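Worksheet for the structure shown next.
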Amino acid sequence: MSEEKMYAVKNDEGKYWDFEDQDGFWELNTMNLAAIAGEEVAECVARDRGGHVVTFVEEPEKVVISPEEAKLVKNCLWTNLQEAFLNNISLLFRGRSPEDVTRLKSALTNGYTVAKDKKYNVKVPHTKEVWYYKSGDADLLTICPADKKLRGKFTESEIEHYGLQNCECVEAKE
């Protein structure tokens, strides 16, 4: 995260000081220069012309975490009781490397996005071009498609669920 900040001066009417023309407070969409890098200048304008200093800070980058980590982080963020919070934090950090703990702390404080599970096309063993696909929620069928889009797309957990770990897997294009 960058430590650089920009400063604006806003009055009680919700208008901003125009640092370019320096001729008063205006609606934000009608001016050329509403913020500057110098905090001291902004404080002087606020003192001399009225209003208060508004600080703009770059938003921290969100951390990418797995769906399983997201469940644990969400539990920590939505826990009201201190004892439950400590239990959830313990579950979140247990058995993780120092790098992972740092990444997950950042997810708790700066926000996070959930990584999408990679999906794979799974080839039927001992065949030339026969691939698995799912029919409905439970049925596992095979297909010999000319169009690669017709092949089934399986997550790692689905591959394990169907017992396809020993099959050739090719990362599917979304």
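Taking the criterion of being at pLDDT below 90, among the aliphatic types (A, V, I, L, M) and more than 32 Å from the chain's Cα centre (by Cα), the residues of the range 119-159 that qualify are 140, 141, 143, 146. When you scan the range 45-57, do you find a residue that is out of contact with any strand residue (DSSP E or B) (no Cβ under 6 Å at 6 or more places or on another chain), surrounded by 13 or more Cβ atoms within 10 Å (Cβ to Cβ) and assigned to a helix (DSSP H, G or I), even just one? Yes: the range 45-57 contains one or more residues that are out of contact with any strand residue (DSSP E or B) (no Cβ under 6 Å at 6 or more places or on another chain), surrounded by 13 or more Cβ atoms within 10 Å (Cβ to Cβ) and assigned to a helix (DSSP H, G or I).
So in the range 120-139, with the set limited to residues that are without any contact (Cβ under 8 Å) to a residue 24 or more places away in the chain and surrounded by 17 or more Cβ atoms within 10 Å (Cβ to Cβ), which one is nearest to residue 66 (Cα to Cα)? Looking at residues that are without any contact (Cβ under 8 Å) to a residue 24 or more places away in the chain and surrounded by 17 or more Cβ atoms within 10 Å (Cβ to Cβ), I get 133. Please verify whether residue 79 is assigned to a strand (DSSP E or B) and over 30 Å from residue 153 (Cβ atoms), treating the condition exactly as stated. Here the answer is no, as residue 79 does not meet what is asked.
Condition first: charged (D, E, K, R) and either touching a Lys or Arg at 6+ places or on another chain (Cβ under 9 Å) or open to solvent by 90 Å² or more (accessible area, probe 1.4 Å) (or both). Now tell me which residues in the range 105-119 satisfy that. Working first, answer last.
We begin by selecting, within the range 105-119, every residue charged (D, E, K, R); these are 105, 116-119.
Within the range 105-119, 105, 116, 118, 119 meet the criteria.
Being of a type in the set (Asp, Glu), at pLDDT below 90 and open to solvent by 30 Å² or more (accessible area, probe 1.4 Å): is that true of residue 40 here? No: the conditions fail for residue 40. Taking the numbered list (1) in a loop (DSSP other than H, G, I, E, B); (2) in contact (Cβ under 8 Å) with a residue 24 or more places away in the chain; (3) open to solvent by 60 Å² or more (accessible area, probe 1.4 Å) in turn, residue 152 passes all entries but (3). Scanning the range 93-132 for residues that are acidic (Asp, Glu) and part of a helix (DSSP H, G or I) returns 99, 100.
Looking across the range 102-118 at every residue that is closer than 19 Å to residue 158 by Cα and of a type outside the set (Val, Ile, Thr), the one that is modelled with the lowest pLDDT is identified as 117.
Pairs are defined by a Cβ separation below 7 Å, a sequence spacing of at least 6 or placement on different chains, a first member in the range 49-77 that is closer than 14 Å to residue 105 by Cα, and a second member that is charged (D, E, K, R) and modelled with pLDDT under 85; no pair meets this definition. Scanning the range 58-69 for residues that are surrounded by fewer than 16 Cβ atoms within 10 Å (Cβ to Cβ) and either of a type in the set (A, V, I, L, M) or assigned to a helix (DSSP H, G or I) (or both) turns up 64, 67, 68.
The values are calculated or read from the model by the stated rules, or taken from the named source; none is laboratory data. Just so you know, these numbers come straight off a predicted model, no measurement behind them. So basically every Cβ, Gly included, is an ideal-geometry build from the backbone, and we count neighbours across all protein chains shown. SASA here: full protein model, heavy atoms, side chains in, ligands and nucleic acids out. Shrake-Rupley method; radii C 1.70, N 1.55, O 1.52, S 1.80 Å.
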